[in-house]
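Asker: My questions will all concern the structure given below.
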Amino acid sequence: MNILVTGGAGFIGSHLCRLLIEQGHKITVLDDLSTGRYDNIKELEATGKLKLIVDTVNDSEICDRCVREADRVFHLASAVGVRLIIDQPVHTIESIVGGTETVLKSCARYRVPFLLTSTSEVYGKGSKVPFCEDDDTVMGPTSKRRWSYATAKALDEFLALAHWTETRQPVVVVRLFNTVGPRQTGQYGMVVPGFVRQALRNKPITVYGDGQQSRCFAHVKDVVGALASIMECEAARGQVVNIGNDEEVTIMQLAQRVKEMANSTSEIKILSYEEAYGEGFDDMRRRVPCIDKANKLIGYKPSRKLDDILRDVIEYEKTQLER
Ligand code: UDP
């Protein structure tokens, strides 16, 4: 098939493109290279099976041209990373809401199946463990810029599901929980690449808050496998599906594990949220996915544990450092 991957030069997007090429597909990547990097897909472009278009998903003419020739659209283009979202709230909202509207409009015009990558942020400050797809979302106040991301993504979900309801336009919404692996940049605040870089340089590992907040980290390879399967799953159409790992770890435990696995002499340093992000920040204590629905639909079961993930990221960051 001809497959369009928006945001295909990003961290998750580039892993997805590699998998889809291995499955025999031809890929068009639409990416403005704002947070994505050409380096991520350079080798794939060289195979002749991937065509890169450097432009924004907010341009309706470009989007329409790309979608018209596609058999499937994976929509990953989006502002990412808590740091970037706090620093660039206008860009965050415009790219998420405007971009999805534009891509979806063209998909609906040509009836091309559409997969939206949404986020576990949509559950907001909900305290339920684990989070299931039909649980209530609990958003923080509009004065905390962090919530602009979740609210914009929730609107994207509504829009995608509305197309399904009104015209049976094939859509599926995937809520990604924390996804990590090689090539993720720590630049926009993601904790795992950040900790690994600090540890490898024997610099302080910066734990924000009290470090007792927890997350569940999934390996990007498990995640992109699930994305490819869900796209082809008829029963998932018009549905929201969580994808992630349900192995929970506190951020303090994560810091200790990274330090140990990287053989680092770094100190573990606690910073307040205020010191780390300034104003406009709010954190959530726990975030665990219920992955029963994904398991039922596509037999999803994450195959890589936290240590496998950390090993891969440390390995990758070491080669980057040597370069
Ligand atoms: N975090 C941290 N130190 C860092 C970066 C992040 O302690 O250098 C914390 C952050 O406050 C949050 C957790 O690690 O509690 C996960 O952060 P990330 O930005 O990776 O993802 P998200 O908050 O979206 O889960």
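Asker: So, R0 is 35 Å and r is the distance between the beta-carbons of Q213 and R323; what FRET efficiency does that work out to, to 0.05?
Answerer: Efficiency for this residue pair is about 0.60.
Asker: Give the cysteines in the chain for which no other Cys Cβ lies under 4.7 Å away, or write none if there are none.
Answerer: C17, C63, C66, C107, C216, C233
Asker: A follow-up question, please. In the chain, what is the volume of the convex hull around the alpha carbon atoms, normalised per residue and reported in Å³?
Answerer: For the chain, the hull spanned by Cα atoms encloses 120 Å³ per residue.
Asker: Kindly put C233, C290, C107, C216 in sequence by how many other C-beta atoms sit within 10 Å of each C-beta, fewest to most.
Answerer: With the sparsest Cβ surroundings first, the list reads C233, C290, C216, C107.
Asker: Go through K125/K318; K49/K293; K49/K221 and tell me which ones have a Cα-Cα distance over 29 Å in this structure.
Answerer: Pairs exceeding 29 Å: K125/K318; K49/K293.
Asker: How high is the relative contact order of the chain? Use alpha-carbon pairs under 8 Å, at least six apart in sequence, and give a whole percent.
Answerer: Over the chain, the number comes to 18 percent.
Asker: Next question. Simple spin-label model, 7 Å along Cα-to-Cβ: L19 to R83 in nm?
Answerer: Between L19 and R83, the simple spin-label model gives 2.6 nm.
Asker: Could you point to the residue in I205, Q184, P302 farthest towards the positive end of the range 164-323's charge dipole, with +1 and -1 charges on the Cβ of Lys/Arg and Asp/Glu respectively?
Answerer: P302
Asker: How much length would be gained if the chain were fully extended between C132 and T47, taking 0.36 nm per residue of separation minus their Cα-Cα distance, in nm to one decimal?
Answerer: This chain segment gains 26.6 nm when fully extended.
Asker: Could you check which residue among R111, R197, R65 shows the biggest mean-square fluctuation in a GNM of the chain with a 10 Å Cα cutoff?
Answerer: Maximum among the listed residues: R65.
Asker: Under a point spin-label approximation (7 Å from Cα along Cα-to-Cβ), what is the S303-K203 distance to one decimal in nm?
Answerer: Spacing of the two 7 Å Cα→Cβ label points: 3.5 nm.
Asker: With springs connecting C-alpha atoms under 10 Å apart, model the chain as a Gaussian network and identify which of G99, G244, G194 has the largest mean-square fluctuation.
Answerer: Judging by the Gaussian network model, the answer is G194.
Asker: Taking the simple approach of a point 7 Å from Cα along Cα-to-Cβ for both A162 and L271, what is their distance in nm?
Answerer: The two pseudo-label positions are separated by 3.9 nm.
Asker: Right, here's the next one. Using helices alone, what [θ] at 222 nm do you get for the chain, with -39,500 (n - 2.57) per DSSP H run of 4 or more residues, divided over all residues and rounded to the nearest 500?
Answerer: One gets -12000 deg cm²/dmol as the mean residue ellipticity at 222 nm.
Asker: What's the Kirkwood radius of the range 1-158 in Å, using all Cα pairs?
Answerer: 16.2 Å
Asker: Now for a separate question. Taking the alpha-carbon centroid of each part, what is the distance from the range 15-42 to the range 159-227 in angstrom?
Answerer: That distance is 18 Å.
Asker: Counting alpha carbon pairs within less than 8 Å and at least 6 residues apart, what relative contact order, in whole percent, applies to the range 119-270?
Answerer: Relative contact order comes out at 28 percent.
Asker: I would also like to ask the following. Compute the length gained on full extension between R311 and R109: take 0.36 nm times their separation in residues and subtract their Cα-Cα distance, giving the result in nm to one decimal.
Answerer: Here the segment from R311 to R109 would lengthen by 68.3 nm.
Asker: Restricting the count to DSSP beta bridges whose residues both fall in the chain, what percent are antiparallel, rounded to a multiple of 5?
Answerer: 10 percent
Read-outs: derived from the displayed coordinates by stated rules, not from any lab. As the structure is a computational prediction, the values presented were derived from the model and not from experiment. Every residue, glycine among them, receives a Cβ derived from its backbone with ideal geometry; neighbour counts consider all protein chains shown.
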